[in-house]
Amino acid sequence: MTAQPHDFVSRETPLPEKNLRAIRAALVVPQDREAFDAGLKAVLDEVRVSLDLGALNAFVHRWWISACDSVRDPQGRRQMHERAEHVLAGEPRSEGKPWREILAARGIDV
């Protein structure tokens, strides 16, 4: 069984259309919009070189899922980015271990 948009977005919440303009407009968190803009530039550069629209289609699909999440739970998106900033800053997680220590325990060299 595959996840469908209606599986994670309430029925009352209208989904953004699956196009670049609608997706970007649905991104309420500045970090998402900045990542979208940077990713769009990169994927368009890739398409210009490869002449393969597959990368653009994949980009649209990935960001459409994020846009649906942003519409459904904007505060959750904000909290996700806030937690990510803390992790990237090396701040301890709720169990008190820095993320570098957790990754090192898993054999990942940072």
- Mind listing just one residue for me: the one in segment 41-64 that is touching a helix residue (DSSP H, G or I) at 6+ places or on another chain (Cβ under 8 Å) and in contact (Cβ under 8 Å) with a residue 24 or more places away in the chain and, of those, surrounded by the most Cβ atoms within 10 Å (Cβ to Cβ)? Trp63
- Query: Cβ-Cβ below 7 Å, separation at least six or inter-chain, first residue in segment 22-40 and over 17 Å from Ala58 (Cβ atoms), second of a type in the set (Val, Ile, Thr): which pairs?
  - Reply: Ala26/Val71
- Message: From the list Val49, Val60, exactly one residue is over 11 Å from the mean Cα position of the chain (by Cα), closer than 22 Å to Pro14 by Cβ and part of a helix (DSSP H, G or I). Which is it?
- Response: Val60
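For the structure I just gave you, tell me whether Arg72 is in contact (Cβ under 8 Å) with a residue 24 or more places away in the chain and open to solvent by 40 Å² or more (accessible area, probe 1.4 Å).
Yes; evaluated as a whole, the condition is true for this residue.
Among residues belonging to segment 86-110 that are surrounded by 11 or more Cβ atoms within 10 Å (Cβ to Cβ) and either in a helix (DSSP H, G or I) or among the hydroxyl-bearing types (Ser, Thr, Tyr) (or both), point out the one that is modelled with the lowest pLDDT. Even if it seems obvious, please write down each step before you answer.
First pass over segment 86-110, keeping only residues surrounded by 11 or more Cβ atoms within 10 Å (Cβ to Cβ): 86-87, 90-93, 97-104.
Of the ones still in play, those that are also either in a helix (DSSP H, G or I) or among the hydroxyl-bearing types (Ser, Thr, Tyr) (or both) are 86-87, 99-104.
Numbers: His86: 83, Val87: 83, Trp99: 69, Arg100: 79, Glu101: 79, Ile102: 72, Leu103: 76, Ala104: 80.
That would be Trp99.
The values are calculated or read from the model by the stated rules, or taken from the named source; none is laboratory data. Quick caveat: nothing in here was measured; it's all calculated off a predicted structure. Using ideal geometry, Cβ is built from the backbone for each residue, glycine included, and neighbour counts are taken over all protein chains shown. The protein model used for the area step is the full one, side chains on, heavy atoms only, and it has no ligands, DNA or RNA in it. Shrake-Rupley method; radii C 1.70, N 1.55, O 1.52, S 1.80 Å.
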